[in-house]
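Before any comments, here is the structure.
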């Protein structure tokens, strides 16, 4: 089965590892506690981490979409011995552990789904756009449930005010309206990741693109338009067209992790205004010649959008500080392990 390896230049990333009948390339399709599902030239298989490699300092753990080097075991589970470098990566801040949580990797497009009902939220869309641009994939906005909306153009106008250079597709997985337009955008051998809140229609969209029911669909609650989690874990789905889809559980909250370039791209209007300020290090508060403050005073820039930018920028700074602490701890653990190894060598002399 094709799993995207054809378009991925992995040979230069092997770093001396020689492929053979028992050392092969695979791709992670599901992540469970202590166990992974991978697809390779021998089909879909179970695998686990080689403990001597992964339970150490400064190591990348596999995520859905990752290309990995496997020790192939025809009579049992395979061993994952290396995660190859990623060309795109979507991650968020783990709200419990306050560390980076990798959601998906090695995708071409990020389909941001938002439904045309009570759940429509521009501020949430801002957040998704920042993360999508930061990931290295190309964001595409999909407006689901178009069959129940009487004024799609209003929503389109609102989104066009904030989503610069992003294609927008209103679709209905029920009537199939707009599905063909979206399908033309998704090429064979491409990988897409779906992002959106619970009940937004990710599973229904997958079924519509597949032309058959490949995922379970739950109904939304009529009283508040909110849905239940259909997808309970991240997984990769393979369509007959050659398209690969990474589905993710619905996210009520998406806390940013590393979003410098993503912020500048998603808030391109504010970034452009900042370049017109008199001072390069303008804080956009009381400095003379501040183009941002002038745009706020004239109404060219809305306070709602400015406040959304400020909130996400503050959140990104917090995530960056957590990343710096993580790097310092990893470096400390690295030198601690080296010192321990040197002491053991000296002791055994």
Task: residue 16 vs. criteria assigned to a loop (DSSP other than H, G, I, E, B), at positive phi and exposed (fewer than 11 other Cβ atoms within 10 Å of the Cβ) - done: yes
Open item on the list: Please go through segment 170-186 and give me each residue that is closer than 17 Å to residue 115 by Cα and surrounded by fewer than 20 Cβ atoms within 10 Å (Cβ to Cβ), ordered by number.
Closed with: 174, 175, 176, 177, 179, 182
TODO: Sort out which residues of segment 145-154 are in contact (Cβ under 8 Å) with a residue 24 or more places away in the chain and either part of a loop (DSSP other than H, G, I, E, B) or buried (at least 23 other Cβ atoms within 10 Å of the Cβ) (or both), and write them in order of number.
DONE: 145, 149
TODO: Any chance you could count how many residues in segment 117-144 are in contact (Cβ under 8 Å) with a residue 60 or more places away in the chain and in contact with a strand residue (DSSP E or B) (Cβ under 7 Å, 6 or more places away or on another chain)?
DONE: 8
Task: Evaluation of residue 235 against (1) crowded, with 17+ Cβ neighbours inside 10 Å; (2) in contact (Cβ under 8 Å) with a residue 12 or more places away in the chain; (3) outside the structural domain of residue 199 (by TED's automatic domain parsing) (one fails), failing number - done: (3)
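Here is a yes/no grid of residues against (1) in a strand (DSSP E or B); (2) crowded, with 21+ Cβ neighbours inside 10 Å; (3) under 22 Å from the mean Cα position of the chain (by Cα); (4) in the same structural domain as residue 38 (by TED's automatic domain parsing):
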| site | (1), (2), (3), (4) |
| --- | --- |
| 73 | no, no, no, yes |
| 107 | no, yes, yes, no |
| 110 | yes, yes, yes, no |
| 120 | no, no, yes, no |
| 132 | no, yes, yes, no |
| 143 | yes, yes, yes, no |
- [ ] Taking the options 29, 114, name whichever one is in contact with a helix residue (DSSP H, G or I) (Cβ under 8 Å, 6 or more places away or on another chain), surrounded by 14 or more Cβ atoms within 10 Å (Cβ to Cβ), in contact (Cβ under 8 Å) with a residue 24 or more places away in the chain and under 28 Å from residue 188 (Cβ atoms).
- [x] 114
Task: In segment 198-229, residue modelled with the lowest pLDDT [restricted to those that are surrounded by 21 or more Cβ atoms within 10 Å (Cβ to Cβ) and part of a loop (DSSP other than H, G, I, E, B)] - done: 227
Task: Residue match in segment 90-101 (condition: buried (at least 19 other Cβ atoms within 10 Å of the Cβ), assigned to a loop (DSSP other than H, G, I, E, B) and in contact (Cβ under 8 Å) with a residue 40 or more places away in the chain) - done: no
Task: Residue tally, condition assigned to a strand (DSSP E or B) and without any contact (Cβ under 8 Å) to a residue 24 or more places away in the chain, over segment 45-71 - done: 0
Open item on the list: Residue under question is residue 97, and the condition is that it be modelled with pLDDT under 95 and not assigned by TED's automatic domain parsing to the domain that holds residue 190; does it hold?
Closed with: no
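The values are calculated or read from the model by the stated rules, or taken from the named source; none is laboratory data. Treat the numbers as computed from the prediction; the structure is a model and nothing was measured. Here the Cβ is made from the backbone with ideal geometry for all residues, glycine too, and neighbour counts use every protein chain on show.
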